[in-house]
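The values are calculated or read from the model by the stated rules, or taken from the named source; none is laboratory data. Please read these numbers as outputs of a predicted model, since none were measured by experiment. A quick note on method: Cβ atoms are made from the backbone with ideal geometry, for glycine too, and the neighbour counts reach across all protein chains shown.
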Amino acid sequence: MTGGLALTVGLAVLIGISLGLLGGGGSILAVPLLVYVADLPAKEAIATSLLVVGVTSAVGVLPHARARRIRWRTGLVFGVAGMAGAYAGGRLAASVPAAVLLTGFALMMLATATAMIRGRRGTGGEPVPHELPVPRVVLDGVLVGLVTGLVGAGGGFLVVPALTLLGGLPMPVAIGTSLVVIAMKSLAGLAGYLSAVSVGWGLAAAVTAAAVVGSLAGGRLTGHIREEVLRPAFGWFVVVMGVLVLGQQLPGQLRGDPLLWTAVAGLAGTVAAVALLAAGCRGGREWIPSPVCRALRAVAAR
């Protein structure tokens, strides 16, 4: 195994961990990994990411199904509608320039990171519906599926908010149901891409196997890492990734300016550190030392 392939496969474990922990985010990591580490062309990277995320999500469904954390009718209806949108998006993507796709993908990363950092509302003690209304599920499914097919994002960070905000599903149920939807939409988007893009099946199989291992590890870690700490920290990580992908689309003169990248890295690192500290002092369950939290609150109050 060459060094580049070994690094790609090793980092692919993070794709599975993201899916196992959060029910999404696999493609947010997969596409930049395949483009910038595996050195695949953008469209081949997106097609490969759809395969990796689809298979990994399908495997990730199993423990959620055993724990009865899936709304099957909602997931299947959302998934079928999403498959139609994803297939159309995959066919449409064949005629869209790679730079436009990557720019769109970076913007998708920033939008989903915002949702992660802000967090999601709970049900507030209201009754939780067993299934969600079909017409709204179909509409949301088609729209999220179209994005999936166009930019290779499995849509977990769009599906989960839709499920929690639409019907008040608890997060564990929304995550389990989301994996059903992601698996269906990703494989449908892949079918759309395969009409115009070839996939390196050897690399895809290796990355998929690593991601599946990561998803099993992520599922085990879920109970040990508090969501209010993990979600904003990971959200800022996605912000950094999105900025880097956007930066790659800048004109060559700007893209090669070390001062620009130093400033971007410094700003992103500072914001990420502040967000992590704020998360550690939130909600009365502090894991950052109390003097640090008191100092942060004093600064914020000024």
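If you go through region 145-164 one residue at a time, do you hit one that is surrounded by fewer than 24 Cβ atoms within 10 Å (Cβ to Cβ), modelled with pLDDT of 80 or more and not charged (D, E, K, R)?
yes
With region 182-266 as the region, which helices (runs of 4 or more DSSP H) entirely inside it contain at least 3 residues that are within 21 Å of the chain's Cα centre (by Cα) and either buried (at least 17 other Cβ atoms within 10 Å of the Cβ) or at pLDDT 85 or above (or both)?
Filter on region 182-266 gives 201-221, 227-247.
From ALA67, ALA47, grab the single residue that is surrounded by fewer than 19 Cβ atoms within 10 Å (Cβ to Cβ) and touching a helix residue (DSSP H, G or I) at 6+ places or on another chain (Cβ under 8 Å).
ALA67
Would you mind telling me which numbered condition in (1) within 12 Å of LEU179 (Cβ to Cβ); (2) touching a residue at least 12 places away in the same chain (Cβ under 8 Å) THR48 fails?
Going through the list (1) within 12 Å of LEU179 (Cβ to Cβ); (2) touching a residue at least 12 places away in the same chain (Cβ under 8 Å), THR48 breaks only (1).
What is the number of the single condition among (1) within 30 Å of LEU7 (Cα to Cα); (2) free of Cβ contacts under 8 Å to residues at least 40 places away in the same chain that PRO63 does not meet?
(2)
Among the residues of region 123-144, is any surrounded by fewer than 24 Cβ atoms within 10 Å (Cβ to Cβ), within 24 Å of ILE17 (Cα to Cα), at pLDDT below 85 and of a type outside the set (S, T, N, Q)?
no
Per-residue answers, yes or no, for (1) at pLDDT 85 or above; (2) in a helix (DSSP H, G or I); (3) polar (S, T, N, Q); (4) under 17 Å from the mean Cα position of the chain (by Cα):
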| site | (1), (2), (3), (4) |
| --- | --- |
| ALA12 | yes, yes, no, yes |
| GLY16 | yes, yes, no, yes |
| GLY20 | no, yes, no, yes |
| LEU29 | no, yes, no, yes |
| SER49 | yes, yes, yes, yes |
| SER57 | yes, yes, yes, yes |
| LEU62 | no, yes, no, no |
| ALA84 | yes, yes, no, no |
| ALA88 | yes, yes, no, no |
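Looking at GLY82, is it at positive phi and either of a type in the set (A, V, I, L, M, F, W, C) or surrounded by 22 or more Cβ atoms within 10 Å (Cβ to Cβ) (or both)?
no
Starting from region 206-221, take each residue that is closer than 17 Å to LEU34 by Cα and of a type in the set (D, E, K, R) and list its partners that are at pLDDT 90 or above and surrounded by fewer than 18 Cβ atoms within 10 Å (Cβ to Cβ), counting only C-beta distances under 6 angstrom and pairs at least six apart or across chains.
Partner pairs satisfying both residue conditions: none exist.
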